[in-house]
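*Asks:* My questions all concern the structure below.
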Amino acid sequence: MAEELVAGHGNLVGFRLPDGTLSTDATAPADTVGYRARCTCGWVGASDYPAADEGRWMATSEWGGHVKPILAATPPGWLLNRSDTLRDNVAELATTWPLQALGILAEVERWQRPLIERAVTAAREAGLSWAEIGNALGISRQSAHERFRGAAAPKPPT
C-alpha cells in the first residue's frame with residue numbers, strides 16, 4: 001500500500017502492460033511498456049509515460065499536481081491532535097467543573113472568530129473562491145459569503 005501524504009491520497013504508479021491493461025502490482029512487471037499516475041482515492045492520471053525512470057518521475061509529478069490542492073486545504077495533523085486533546089479535556093472538565101469549562105469555552109470563543117476572519121481575509125487576498133473557503137469551513141459557498149463578506153477583502157482581479 002502506498003504511504004499517504006494526505007488521508008485517502010497515496011501515490012500509486014500504475015504499470016501499462018503490452019495488452020493495454022493497467023497493472024496495480026506493487027512493483028513493475030518485466031513487460032511494463034509505460035507508467036500512469038494513480039492515487040489511493042481512485043483518481044487516475046490523464047497520460048501514459050515512457051517505461052523509463054523519467055516516465056515514472058513524470059507520473060509521480062502528475063500525481064503531485066492531483067494532491068497539491070488537497071494538501072493545501074488539509075490542516076496539519078499535529079495541530080488537529082492538539083485540537084482534539086483540548087476538546088476532550090474540556091468535555092471531561094465539563095462533567096466535573098462545569099464553570100471552569102464554561103470559562104475556557106468563552107475564552108476560545110473570544111479568539112476563534114477573529115482568527116477565522118483573519119484566515120478568510122488571507123484566503124480571499126490569495127485569490128481563493130467562496131466555494132473553496134466554504135469547503136474548508138464545512139459550509140456552503142453562499143453561507144461563507146454571507147457570514148464573512150464584510151471581513152474579507154475582495155478577490156483580486158485575474
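The values are calculated or read from the model by the stated rules, or taken from the named source; none is laboratory data. Not measured: the values here are computed from a predicted model. No Cβ is skipped: glycine too gets one built from the backbone with ideal geometry, and neighbour counts run over all protein chains shown.
*Asks:* Quick one: which of Gly20, Gly8 is loosely packed, with under 15 Cβ neighbours inside 10 Å, closer than 26 Å to Ile70 by Cα and at pLDDT below 90?
*Replies:* Every option except Gly8 fails the conditions.
Results for (1) modelled with pLDDT of 95 or more; (2) within 30 Å of Gly14 (Cα to Cα); (3) of a type outside the set (Phe, Trp, Tyr); (4) surrounded by 10 or more Cβ atoms within 10 Å (Cβ to Cβ), shown as yes or no for each residue.
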residue	(1), (2), (3), (4)
Pro75	no, yes, yes, no
Leu86	yes, no, yes, yes
Val90	yes, no, yes, yes
Thr95	yes, no, yes, no
Leu102	yes, no, yes, yes
Arg113	no, no, yes, yes
